[in-house]
Amino acid sequence: MRYLATRPRLKVRAALRCAAVGSAAAAAAATLVACSSGNAATGAGTGGGSTAAAANGPVQVALILKDFTNPYFISMENSARADAAKLGVKLTVSAGSTDGDTTTQITAIDNAIAAGDAGIIITPNGNAVNPALDQAKAHHLLVIALDTVPTPPSTADLTYATDNFQAGELIGQYTAKRLNGRTADIAMLDLFNNQVVSVDIDRDHGFLTGMGIPVGNNGLNGAEPASGSYKGQLGGSGSYKIACQLPTQGAVPGGQTAMEECLSKDPNIDVVYAINEPAAEGAGAALKAAHKTGVIVAAIDGGCAVMPYLQDGNVTATSAQFPGKMAADGVQAIYTLAKTGKKPSVTPGLGFYNTGTQLFTDQPVTGVPSGDTTQLASVCWKA
């Protein structure tokens, strides 16, 4: 998402949320055993219940989002509703009142258990929902996470998500090739500097890897050599230095403030890595105010809101992710399991199902596969 919760790196790439509440949720869920066992859509979950029962009625699925305001999650809702309508799935949609509201999500999980839903698709607002999700799995609901692998990963039966390392890698490859041997004077605009968040590390390290810069420490940002030589994976090599590395909280104001501070330290910055598009937009505003031109600003997201910035050059390139596909795939997975008993599986070599990423720019570079904003318009996510 635009800024994500923690996702462990897992095997291959070892990378935008209440004890009392959890106990209450567990107690409430424990009273629902009889309810969940009698619904016609029950039996599609992890416990391998009766798929014959599910076949006798519409498959019931609960989609539980972080909130109803972020376009990222609205895109999930829209795609899930469209897919549910095609399949004849009875879809219930709910969300936290704000990003971080776990209490409302726990209530929605309890309601799904009580209704005898076949599965839950969730973008968790925090680890406080884990006990309720464990109860859902105990009642044979398939639990699918979207966007971010939960902590621990076993909280969900499967996660549909972007490979954030790969997304960073794409913009790193593009940047190195576009530099065409010029010195890279780099500003790294990360998510946080006071906590370790896997998406922050994944995207940051993916960018550096695509550029051909050693990351220094696989578990931390900012451990790469401050200067040296880069050698892009798809071509382009030269010298580099990391001029600054600052947090943005994944927001426009944070990106602008961080970029202003970076420029005060080094006015010759010619490359900006941004954790997401809002941070990149903020950085672009700071560069424009400083009358800086020709700076490569690379980000990750794929939201429709970035298109004007790509078209006017304030953002040079972005790696798009596809939240709608995550949600639609989740609906399909629960439907398929309920009707056939076939369980979904992870992408080989990863601990989740990779829903893909693609580079978009209106300033293409030979040898680096990309689409333009006309193509992005057909796949970007919007409200």
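The values are calculated or read from the model by the stated rules, or taken from the named source; none is laboratory data. Here the structure is a predicted model, which means the values were calculated and not measured. Every residue, glycine among them, receives a Cβ derived from its backbone with ideal geometry; neighbour counts consider all protein chains shown. Accessible surface is based on the protein model in full, side chains and every heavy atom, while ligands, DNA and RNA are left aside. Shrake-Rupley method; radii C 1.70, N 1.55, O 1.52, S 1.80 Å.
Tabulated values for the structure
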quantity	calculated
Projected-area average for the chain over all orientations - Cα convex hull basis, square nanometres	17.6 nm²
Pairwise label distance in nanometres, Thr92 with Ala377, each label 7 Å out on the Cα-Cβ vector	4.0 nm
Candidate lysines - alpha carbon under 18 Å from Lys90, same-chain residues fewer than 8 apart omitted	Lys339
Per residue solvent-accessible surface (Å²) - region 206-355, probe of 1.4 Å	37 Å²
Euclidean distance between Cα centres, region 145-194 to region 230-249, Å	14 Å
Ordering of 340-353, 88-101, 247-260 by packing [mean C-beta count within 10 Å, highest first]	247-260, 88-101, 340-353
Gyration tensor over alpha-carbon atoms, region 46-164, equivalent ellipsoid semi-axes in Å	21, 17, 13
Calculated FRET value between Lys343 and Asn180, using beta carbons and R₀ = 56 Å, to 0.05	0.70
Accessible area of Cys262 in the full protein assembly, 1.4 Å probe (Å², nearest 10)	0 Å²
Highest-first arrangement of 289-296, 127-134, 60-67, 236-243, where packing means the average Cβ count within 10 Å	60-67, 127-134, 236-243, 289-296
Average accessible surface area per residue within region 77-120, 1.4 Å rolling probe, Å²	39 Å²
Fraction of accessible area attributable to carbon and sulfur, region 185-309 (%, probe 1.4 Å)	52 percent
Debye-sum result for region 261-383 in log10 I(q)/I(0), which assumes one identical scatterer on each alpha carbon, at q = 0.10, 0.11, 0.18, 0.20 Å⁻¹	-0.41, -0.48, -0.94, -1.06
Viscosity 1.002 mPa s, 20 °C: Kirkwood-radius Stokes-Einstein D of region 329-383 over Cα pairs, µm²/s	150 µm²/s
Zero-based 5 Å bins, Cα pair distances in region 92-159, whole percents	4, 20, 34, 29, 12, 2
Largest-first principal axis extents of the Cα set of region 155-280 (Å)	46, 32, 23
Extended-chain gain in nm, criterion 0.36 nm per residue less alpha-carbon gap, Asn193 and Phe68	42.2 nm
Peptides ranked, highest mean first, by Cβ atoms within 10 Å: ranges 110-123, 360-373	110-123, 360-373
Principal axis dimensions, region 147-229 - Cα atoms, whole angstrom, descending	46, 25, 17
